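First up is the structure itself, then whatever we jot down about it.
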Amino acid sequence: MKEDAITIAFPKGEPAAAALFRKAGYSLPGDFDDTRNYIIRVEGADVRFILAKPIDIPTYVEYGAADIGIAGKDALLESGRNVCELLDLNIGEACMTMIMKRRQTADRPKVATRYPKTASAYCRGVGQQAEIMKWQGGIELALHTGAADGIFVAVDAGWSCDSFAVKRVCRVSSRLIANRASYQLNYERIERIREELRSGMMRES
């Protein structure tokens, strides 16, 4: 009896991740990066892709809608989903960073961020009192207009700014993750995919 395809939750519109799968030997359709379809089957491979918003992928994987997925470490930190982290793909690299006004007088500065849970955990860890504000719009604008005393953001690793106090918190990048039950049930198949991706990364370097 033919086994069910391994379902991969994939960040829609992420060409670097698609390129990595192609290097690993997967024949993705030519319009994979901009297709309007949400479920893609790959000819000649026992996998199918669910194209999803990056922030939703840890949820798809934890709850078993997908066996494995490609998720940013920033999304994993913020969601706190209970998944297996299998491989750092070394793409989508950035640095979680706290950026504050240099002349800070507030006892409890306001910090705008798209990552309120991660920012709160960081502030607790360093003993910093702060009012964490979830911010969906232009995050830098909150700082420059005075709406916030600081921002907690993911920036390019080489980013710097002399006008503000910059504290680099941690490196983030795209990771291969797995549903815990699926990883046990489909261990050999998921490990094969991991090794294919790892080999593709080595060829790339």
Checklist outcome for this item: For segment 94-171, shape from the Cα gyration tensor axes a ≥ b ≥ c, cut at a/c of 1.5 then a/b versus b/c, turns out rounded
Next on the checklist: I need the chymotrypsin sites (Phe, Trp or Tyr not before Pro) found in segment 8-40, filtered to DSSP loop residues with at most 12 other beta carbons within 10 Å of theirs.
Outcome noted: TYR38
Next on the checklist: Can you give the local net charge around ALA148? Use residues other than it whose beta-carbon is closer than 13 angstrom to its beta-carbon, Lys and Arg +1, Asp and Glu -1.
Outcome noted: +2
Item to check | Three-way shape label, the chain, alpha-carbon gyration tensor, a/c 1.5 | outcome: prolate
Checklist entry - Using alpha-carbon pairs under 8 Å, 6+ residues apart, how would you state the relative contact order of the chain in percent? => result 28 percent
Next on the checklist: So if I place +1 on the C-beta of Lys and Arg and -1 on the C-beta of Asp and Glu, and nothing else carries charge, what would the dipole magnitude of segment 1-152 be about its Cα centre? I want it in debye, nearest 20.
Outcome noted: 640 debye
Next on the checklist: Within 10 Å of each candidate Cβ there may be at most 13 other Cβ atoms; applying that plus a DSSP loop requirement, which chymotrypsin sites (Phe, Trp or Tyr not before Pro) in segment 59-140 survive?
Outcome noted: TYR63
Checklist outcome for this item: For LYS12, the lysines lying under 27 Å Cα to Cα, once residues fewer than eight places off in the same chain are dropped, come out as LYS23, LYS53, LYS73, LYS117, LYS134
Next on the checklist: As I understand it, the value is the acute angle between the Cα axis of helix 116-126 and the longest principal axis of the Cα atoms of the chain; what does it come to in degrees, rounded to 10?
Outcome noted: 60 degrees
Item to check | segment 99-205 - percent relative contact order, Cα under 8 Å, separation 6 or more | outcome: 30 percent
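All of the numbers you see were taken from the coordinates with simple rules; none came from a lab. These numbers were taken from a predicted model, which means no experiment stands behind them. FYI the Cβ positions are ideal-geometry reconstructions off the backbone, even for glycines, and counts take in every protein chain you see.
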